[in-house]
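Down below is the structure, laid out as structure tokens.
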Amino acid sequence: MSGKSFNPFRMAQVQFDQVAELLELDEATRDFLRYPMREYQFSIPVRMDDGRFRIFRGFRVQHNDARGPGKGGIRFHPQETIDIIRALAMWMTWKCAVVDIPLGGSNGGVVCDPHNLSMKEQEQICRGWVRQISRDLGPLVDVPAPDVMTSSQHMLWMLDEFESIRGQKTPGFITGKPVGLGGSLGRKEATGFGVVFAIREALKELGIRPELTRASVQGFGNVGQPAANLFQQLGGKVISVACWDQKDQTSYCFRKDSGIDFDALVNVTDHFGGINKERAIALGYEVLPGEAWIEQNVEILIPAAMENQITADNVSKIHRNVKIIAEGANGPVTPEADEVIAKRNIFLIPDLLANAGGVICSYFEQVQSNMNYYWEKDEVLGKLDVKMTSAFNEIVQLAKKKGLYMRDAAYYIAVARVVQACKDRGWI
Ligand code: NAD
């Protein structure tokens, strides 16, 4: 297996196997945790705007709920597969455990491309998805959230459908809702801000001042935008941003050596995180092929787009000045690339930790929704910072004590907690 073809579920299993070995887990425990506890695959019929019916494939995978109700995103993507969902559900189990929130790991999605669907068609997909799976979801069972190409609007349609089916208001059913309709202040920024809280701690650890650092970011959506914004507020400079160009069906990397003007760049970005090429050129950006984001002369790389982006094929292109890789996306680095990164002594902030801000804040949203009492934004972001920083410190301490790669240290803590919960419940 090499480069781009790494199956994400296989990748999640390889990562788990390495830590299962370290923890000396018995055979049954490994078998139990290498696979999801439950999987659902279903068809969603939708009457399209032209009057014809089209059938969409939907998924929900519940990897493990020993520590609490399942939690995890819903992704709309044309290349969605059950294996991507399995991997994301498994990563979610570890992520909730490593930041110590009382939730399990789930994930779901629909094979579709919202770029080519009207809002009405997307609404029907959301409602259809909930109708197919509503019996196996709920505030105390499994709580969905947004992911790639799904937004607060999609979450609200899903909530509305669920509440119609149940005949009661259950705002804790889903997170990532609009503020004012059960959403939490700070949720929009949470994942990207969490990435930067972790970068801030890593810079302290390495003794580097943020003002002296530059970053290259892949992805300029829900995660990439707030990450780039807060990183610049911290004093660093984002010199390049890569994203997908729907019109040209390829990715581009937009570079400005003096640093991006965040507000101006957001102004020429669509709601899918696609930057308008012509308008970016007019703003003085150099346009490079999408892959160029990885070879920039920067101290920090922030992959915040998709899985499988730093692979055996391109890991050697990482510039010698890179000191930190912060995984805003889920699974952007393959195990083969991990080996090279570890050898080069680059400080990796693994996805389990780096992008956990999203699920931490989703958890806060769920708590607020269930109480029907909402916190101020500063309170939400303050609590987020505390959670991120303490999880970061715990992982770094363990990595130092046992001489582990950061990913393995994060896995070690997470898997041990999940195993303990399964054992305490008498499951294994
Ligand atoms: P998004 O749809 O808002 O943005 C995705 C961005 O990636 C867009 O800018 C898009 O143009 C870009 N992109 C897509 N394909 C690309 C490619 N091949 N090359 C370069 N750029 C490409 O998605 P998001 O919510 O920001 O999620 C990004 C990643 O972060 C995913 O891996 C997701 O699972 C993970 N994540 C998201 C959250 C969250 O709260 N949204 C939380 C945790 C993890």
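The values are calculated or read from the model by the stated rules, or taken from the named source; none is laboratory data. These figures come from a predicted structure and were not determined experimentally. Note that we place each Cβ from the backbone using ideal geometry, even for glycine, and neighbour counts take in every protein chain shown. Heavy atoms of the whole protein, side chains included, go into the accessibility calculation; ligands, DNA and RNA do not. Shrake-Rupley method; radii C 1.70, N 1.55, O 1.52, S 1.80 Å.
Can you tell me which residue within segment 366-391, out of those that are more than 16 Å from the ligand (Cβ to nearest atom) and under 21 Å from A409 (Cα atoms), is surrounded by the most Cβ atoms within 10 Å (Cβ to Cβ)? Of everything passing the filter in segment 366-391, D385 is surrounded by the most Cβ atoms within 10 Å (Cβ to Cβ). Across segment 303-325, a minimum of one residue is classified as more than 28 Å from F76 (Cβ to Cβ), part of a helix (DSSP H, G or I) and among the basic types (K, R). Output the strands (runs of 3 or more DSSP E) that fall wholly within segment 32-137 and possess 1 or more residues being more than 27 Å from Q13 (Cβ to Cβ), or say none. Once the strands (runs of 3 or more DSSP E) in segment 32-137 are filtered for at least 1 residues that are more than 27 Å from Q13 (Cβ to Cβ), what remains is 38-47, 53-64. For segment 191-198, the criterion of being at pLDDT 95 or above and open to solvent by 60 Å² or more (accessible area, probe 1.4 Å) is satisfied by no residue at all. The residues of segment 267-276 that are surrounded by 15 or more Cβ atoms within 10 Å (Cβ to Cβ) and either within 12 Å of the ligand (Cβ to nearest atom) or among the polar types (S, T, N, Q) (or both), listed by number, are T269, F272, G273, G274, I275, N276. Within the bounds of segment 159-175, is there any residue that is touching a residue at least 24 places away in the same chain (Cβ under 8 Å), within 15 Å of the ligand (Cβ to nearest atom) and crowded, with 18+ Cβ neighbours inside 10 Å? Checked against the condition, which is being touching a residue at least 24 places away in the same chain (Cβ under 8 Å), within 15 Å of the ligand (Cβ to nearest atom) and crowded, with 18+ Cβ neighbours inside 10 Å, segment 159-175 yields at least one hit. Within segment 403-422, residues that are more than 15 Å from L352 (Cα to Cα) reach partners that are open to solvent by 20 Å² or more (accessible area, probe 1.4 Å) and of a type outside the set (K, R) with beta carbons closer than 6 Å, at six or more positions or on different chains, in the pairs C422/I428. If only residues of segment 207-226 that are out of contact with any helix residue (DSSP H, G or I) (no Cβ under 8 Å at 6 or more places or on another chain) and in a loop (DSSP other than H, G, I, E, B) are counted, the one that is most open to solvent (accessible area, probe 1.4 Å) is G207. Residues considered: R75, R67, R34. Of these, the only one that is buried (at least 19 other Cβ atoms within 10 Å of the Cβ), closer than 28 Å to A421 by Cβ, in contact with a helix residue (DSSP H, G or I) (Cβ under 6 Å, 6 or more places away or on another chain) and modelled with pLDDT of 95 or more is R67.
If the condition is being within 11 Å of the ligand (Cβ to nearest atom) and assigned to a helix (DSSP H, G or I), then segment 354-365 contributes A354, G357, G358, V359, I360, C361, S362. Name, by its number, the condition in (1) crowded, with 24+ Cβ neighbours inside 10 Å; (2) closer than 20 Å to L352 by Cα that does not hold for M155. For M155, the exception is condition (2).
In segment 294-340, of all residues being within 16 Å of the ligand (Cβ to nearest atom), open to solvent by 10 Å² or more (accessible area, probe 1.4 Å) and among the charged types (D, E, K, R), the one that is nearest to the chain's Cα centre (by Cα) corresponds to E307. As a summary of the residue check, E291 satisfies the conditions (1) surrounded by 21 or more Cβ atoms within 10 Å (Cβ to Cβ); (2) of a type in the set (D, E); (3) within 15 Å of V217 (Cα to Cα) except for the one numbered (1).
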